[in-house]
1. Inside the range B:4-38, can you point out the residues that are without any contact (Cβ under 8 Å) to a residue 40 or more places away in the chain, more than 10 Å from chain A (Cβ to nearest Cβ) and under 26 Å from A:Phe125 (Cβ atoms)?
2. Can you pull out every residue in the range A:84-96 that is in a loop (DSSP other than H, G, I, E, B), closer than 18 Å to A:Phe136 by Cβ and within 14 Å of chain B (Cβ to nearest Cβ)?
3. Any chance you could count how many residues in the range A:299-325 are touching a residue at least 12 places away in the same chain (Cβ under 8 Å), farther than 19 Å from A:Val338 by Cβ and either within 14 Å of chain B (Cβ to nearest Cβ) or part of a helix (DSSP H, G or I) (or both)?
4. Mind checking which residues of the range B:63-78 are facing chain A (nearest Cβ under 7 Å) and either touching a helix residue (DSSP H, G or I) at 6+ places or on another chain (Cβ under 8 Å) or in contact (Cβ under 8 Å) with a residue 40 or more places away in the chain (or both)?
5. Is at least one residue of the range B:44-61 more than 30 Å from A:Thr135 (Cα to Cα) and either more than 9 Å from chain A (Cβ to nearest Cβ) or among the charged types (D, E, K, R) (or both)?
6. Could you list, in sequence order, all residues of the range B:47-78 that are among the aliphatic types (A, V, I, L, M) and in a helix (DSSP H, G or I)?
7. Quick one: count up the residues across the range A:284-301 that are modelled with pLDDT of 80 or more and surrounded by 23 or more Cβ atoms within 10 Å (Cβ to Cβ).
8. Check the range A:141-151 and report whether any residue there is in a helix (DSSP H, G or I), without any contact (Cβ under 8 Å) to a residue 60 or more places away in the chain and within 13 Å of the chain's Cα centre (by Cα).
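The values are calculated or read from the model by the stated rules, or taken from the named source; none is laboratory data. Keep in mind the model is a prediction, meaning the values are calculated, not measured. Because the Cβ atoms are built from the backbone with ideal geometry, glycine has one as well, and the counts that use them run over all protein chains shown.
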Amino acid sequence: MSVTTLPPPSPLPWLGGTLAGLLVWAALYSQLVPFSEWAVSLLPVDPASHLGQAITFFLYDTPKVLLLLTLVVFAMGVVRSFFSPERTRALLAGRREGVGNAMAASLGIVTPFCSCSAVPLFIGFVSAGVPLGVTFSFLIAAPMVNEVALGLLFAMLGWKVALTYLVLGLGIAIVAGWVIGKLRLESWLEPWVLKIHAGTAELPDVNVTWPDRIRAGLDSVKEIVGRVWYWIVAGIAMGALIHGYAPEELLASIMGKDAWWSVPAAVIVGVPMYSNAAGIIPVVDALLGKGAALGTVLAFMMSVIALSLPEMIILRKVLSVKLIAVFVGVVASGILVVGFLFNLLFA
Amino acid sequence: MKNVKVLGPGCKRCDAAVQMVRDAAAQAGVEVTIEKVTDYAEIAGYGIASTPGLVVDGKVVHAGGLPKAADIARWIAA
């Protein structure tokens with residue numbers, strides 16, 4: 001049977017549609033402040049009261065964060081359509097440590113990755129000759145420095161914080177992976193993993209067009225925003241309560257930069273907790289508004305999203321408990337350093 | 001008769017991929033046997049690094065994310 005290929009559809013409607021979508025987005029975004037003021041004025045609450053402040057915060061922040069998140073997730077969806085784990089693996093195979101760690105961490109940001117794929121990815125990388133430490137750099141960066149975290153930090157705290165987070169997050173992934181590589185812990189993998197000597201599959205070239213990439217962006221909006229929006233709303237509601245009610249002096253004394261022990265405490269509390277960046281950042285924002293130190297709050301956020309119990313349980317299939325302990329220990333130490341550093345930089 | 005293997009540890013997308021293959025086969029009127037491969041070692045043996053993966057008659061045709069319906073139709077045809 002012969003397969004007749006249709007001429008590719010014109011990309012123009014897609015590009016035009018994207019442009020129109022961006023214009024609508026900009027129009028909505030410019031109306032956020034009038035909208036929240038108007039909405040609060042409809043309610044029988046004094047805007048200056050605690051309750052009024054909490055509601056204004058909620059009504060302004062929720063649409064703002066959702067809009068910015070949608071834009072960032074869409075853009076990242078398009079960018080990621082240029083990458084795949086297989087291609088990333090081919091780029092990393094046989095790389096020396098150092099350069100390899102830096103490449104792996106950077107590729108971790110743009111390579112599409114889902115935590116249910118963590119084990120196939122791990123085996124696929126290691127068995128194809130990607131060094132263990134380089135694989136870890138990828139696995140640390142991929143969840144920690146992601147578009148949701150960066151987009152939300154940018155939306156709520158500005159580009160300086162987002163950029164610093166990006167640089168320090170990459171730094172942790174690079175150094176932690178490099179350290180794990182230097183420790184030569186290959187023998188701490190589960191024995192069956194080492195026996196696999198898989199080749200690398202030759203995937204047929206699929207012609208990816210611009211409409212495909214735009215569709216990939218829309219799909220990731222549907223998937224990611226669809227999955228995390230209620231976390232964000234819950235997070236902002238919590239943030240609004242803190243914003244309106246929590247006493248300033250209390251938080252500043254517990255989480256302020258004078259309390260050095262608050263950074264390790266934040267990491268210890270954060271590691272067993274699991275949430276995605278979306279749920280945690282609005283809380284982060286509100287805590288900061290009340291005098292908590294940035295480094296402490298970010299250390300908390302990093303340990304919640306980069307180290308999580310469900311991921312450990314999945315990775316236990318390929319890693320021995322000892323190796324998981326080293327992984328957690330090294331990453332947590334990196335987060336600790338970043339927390340202290342942030343508190344120094346943004347004092 | 002085509003043999004299609006869906007490689008994946010059993011996440012939601014892997015089940016969705018199985019259903020897509022089934023639908024595509026029914027639509028094209030092609031007879032296929034569908035096998036789910038959930039064993040990590042076996043999945044890795046096919047040389048992919050992301051799931052779900054699709055193997056048609058022993059040849060890897062797709063890895064990572066849901067395939068497009070049109071592509072599945074092409075792979076199982078002829």
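1. Here is the first cut: in the range B:4-38, the ones without any contact (Cβ under 8 Å) to a residue 40 or more places away in the chain are B:10, B:12, B:14-15, B:18-19, B:22, B:26, B:29, B:31, B:33-38.
With more than 10 Å from chain A (Cβ to nearest Cβ) added as a condition, the list becomes B:15, B:18-19, B:22, B:26, B:29, B:31, B:33-38.
Within the range B:4-38, B:Asp15, B:Val18, B:Glu35, B:Lys36, B:Val37, B:Thr38 qualify.
2. Narrowing the range A:84-96 to residues in a loop (DSSP other than H, G, I, E, B): A:84, A:93-96.
Next cut, closer than 18 Å to A:Phe136 by Cβ only: A:93-96.
A:Ala93 - this is the single residue of the range A:84-96 that is in a loop (DSSP other than H, G, I, E, B), closer than 18 Å to A:Phe136 by Cβ and within 14 Å of chain B (Cβ to nearest Cβ).
3. Going through the range A:299-325, the residues touching a residue at least 12 places away in the same chain (Cβ under 8 Å) turn out to be A:299-312, A:314-315, A:317-320, A:322-324.
From the residues that got through so far, the ones that are farther than 19 Å from A:Val338 by Cβ too are A:309-312, A:314-315, A:317-320, A:322-324.
Imposing the further condition that a residue be either within 14 Å of chain B (Cβ to nearest Cβ) or part of a helix (DSSP H, G or I) (or both) reduces the set to A:309-312, A:314-315, A:317-319, A:322-324.
Looking only at that region, the number is 12.
4. Our first condition is that a residue be facing chain A (nearest Cβ under 7 Å); within the range B:63-78, this holds for B:63-65, B:71, B:74, B:77-78.
Residues satisfying the conditions are B:Ala63, B:Gly64, B:Gly65, B:Ala77.
5. Initial filter on the range B:44-61 (more than 30 Å from A:Thr135 (Cα to Cα)): B:57.
Filter once more, so that each one left must be either more than 9 Å from chain A (Cβ to nearest Cβ) or among the charged types (D, E, K, R) (or both): B:57.
Scanning the range B:44-61 turns up at least one residue that is more than 30 Å from A:Thr135 (Cα to Cα) and either more than 9 Å from chain A (Cβ to nearest Cβ) or among the charged types (D, E, K, R) (or both).
6. As a first pass, look at the range B:47-78 and keep what is among the aliphatic types (A, V, I, L, M): B:48-49, B:54-56, B:60-61, B:63, B:66, B:69-70, B:72-73, B:76-78.
Correct list: B:Ala69, B:Ala70, B:Ile72, B:Ala73, B:Ile76.
7. 9
8. Let us first name the residues in the range A:141-151 that are in a helix (DSSP H, G or I), namely A:141-144, A:147-151.
Applying the additional criterion that residues be without any contact (Cβ under 8 Å) to a residue 60 or more places away in the chain yields A:141-142.
Subsequent filtering for residues that are within 13 Å of the chain's Cα centre (by Cα) retains A:141-142.
Within the range A:141-151, one or more residues are in a helix (DSSP H, G or I), without any contact (Cβ under 8 Å) to a residue 60 or more places away in the chain and within 13 Å of the chain's Cα centre (by Cα).
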